[in-house]
1. According to a simple spin-label model (label point 7 Å from Cα along Cα-to-Cβ), what is the distance in nm between N47 and L159?
2. Taking K83 as the anchor, which lysines have their alpha carbon closer than 30 Å to its alpha carbon, excluding any fewer than eight residues away along the same chain?
3. Using the beta-carbon distance between R12 and D302 and R0 = 41 Å, what value does 1/(1 + (r/R0)^6) give for FRET efficiency, to the nearest 0.05?
4. I need the phi-derived Karplus couplings for region 298-305: 6.51 cos²θ - 1.76 cosθ + 1.60, θ = phi - 60°, integer Hz, Gly and Pro marked x.
5. What is the Cα coordinate range of region 23-120 on the first, second and third principal axes, sorted by size from largest, in whole angstrom?
6. May I ask you to evaluate 6.51 cos²θ - 1.76 cosθ + 1.60, the Karplus curve with θ = phi - 60°, for each residue of region 10-23 and list the ³J(HN,Hα) values in order in whole Hz, giving x for glycine and proline?
7. Can you list the HN-Hα couplings for region 25-32, worked out from phi with the Karplus curve (6.51, -1.76, 1.60; θ = phi - 60°), rounded to whole Hz and with x for Gly and Pro?
8. Between R273 and T336, what is 0.36 nm times their sequence separation minus the Cα-Cα distance? Round to one decimal in nm.
Amino acid sequence: MTTTSNPSEAERTERARKGEEATRPAVAEIFVNHSTREAGVRLESANGSTQERDFIRLGHSVSDDRSTTAHELISDAVTVIEKRGFFVSVNGEPVEDLEAGWQDGVSQLTRTTIRADITPSRAYLDMVNHRYAPRGSYDPAPVVDLPAGWSAEPRPWDLWQLNGPDGGAPLALSRRVDLAGVHWALWDGAPYDGPRIGGGRTCAEAVAPLTADRAEFDMYGVRLPLEQWGSYRIDGCATVYGPGWWPFHNHVTELVAQPETTLQMPKEVRTGRTRPRSLRLSPNCANYSWRNEYVGVTPGKDGGPKASARLRLVHSPTGRIDTHTVHIVLDMEDGTVTLPDSCPPHLRREAETKGLRILTLIARGRMERKAGHPAPVALTEYAPGAADTSHK
């Protein structure tokens, strides 16, 4: 009987690093094929293999009279190679003369080639070292220049959770390294889910909007007066009911090995437990009320009596639509809404009203749960026949 075990993250990372080293290009070949009228560059590893991504056509149309030679394409080829993070080298050192380092390769009746050794650049090696570095070796606190009252908690995969002084929903900070260097981005909510607030080459540039007025123009935003709708609905995410103040949960799953199967791939199964989950809400009177009218609601720790919500409020009363992001705190025990001091006075009524409507949805969810429903029913429905203002 064969037993299998799931590899640890460190083992998977080490395998990926060895895979990159084994397939890393070491030789560049410029080819001219007069039979197919194609020309291009082929990058091959030290063991002679070529990945599909490393076969690059240069877009040249080779003439029938065979006047085009591989040497004429060296300049274009070097440009392609440098974009991949490599340079033509002799004994590991870069060459200044374009022709230097290139040697004749295979010469056939309709196909000719020239070849040269290539070496990864410092930027390429930095990118690889960062990508495959053991997670435990990361500096847990590279985040600097945070405004007073803000703190950063490290998360896996170059992410940090930023917690503000007003106790609202956290922001997310991400870091990415590529051939162009380091890129920082500040996100309202989970990365790539909420809108991007700021970014730059340094952490300071990314977090600068934390101290600035965060009203921003939204050319696709919708204007939905509070008088035209009265309740929220759960939008775009499946959920079940679970215990605690926060009724909205999802199933907890785990991977179980299947040694009896051919591929021995682990299977994801439910454990019978649930845990609180975040929600995305939208007004139930406008089925297409998206962007600024979406609301992200996050339960408190362990599904306690407090939750937080992210609102994007319409900032200007007339003309173009500017939105202002506000994080509010919802107290399910007291039925109260707490606004941050940074909320503009003319937007406080809208924020408070939307907060109370969120509390109403949570209360209705608790009632449905008490009535024996395993999952939300009416809270996910779109109100038919209501005025849809998103197309006006």
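1. Inter-label distance under the simple model: 3.4 nm.
2. Straight-distance partners of K83: K18.
3. Numbers: r = 30 Å, r/R0 = 0.74.
FRET efficiency, R12 to D302: 0.85.
4. Per residue, the Karplus-derived 3J(HN,Hα) values read 10, x, x, 4, 6, x, x, x Hz.
5. So the extents along the principal axes, rounded to whole Å, are 37, 29, 22.
6. With coefficients 6.51, -1.76 and 1.60, one gets 4, 5, 5, 5, 5, 5, 5, 4, 5, x, 5, 5, 5, 9 Hz.
7. Result, ordered by residue: x, 10, 9, 10, 10, 9, 10, 10 Hz.
8. Working: separation 63, 0.36 × 63 = 22.68 nm, distance 2.99 nm.
My answer for the length gained is 19.7 nm.
Where a number appears in this text, it was derived from the coordinates with a stated rule and is not lab data. This structure is a prediction, so every number in the text was calculated from the model and none was measured. Here the Cβ is made from the backbone with ideal geometry for all residues, glycine too, and neighbour counts use every protein chain on show.
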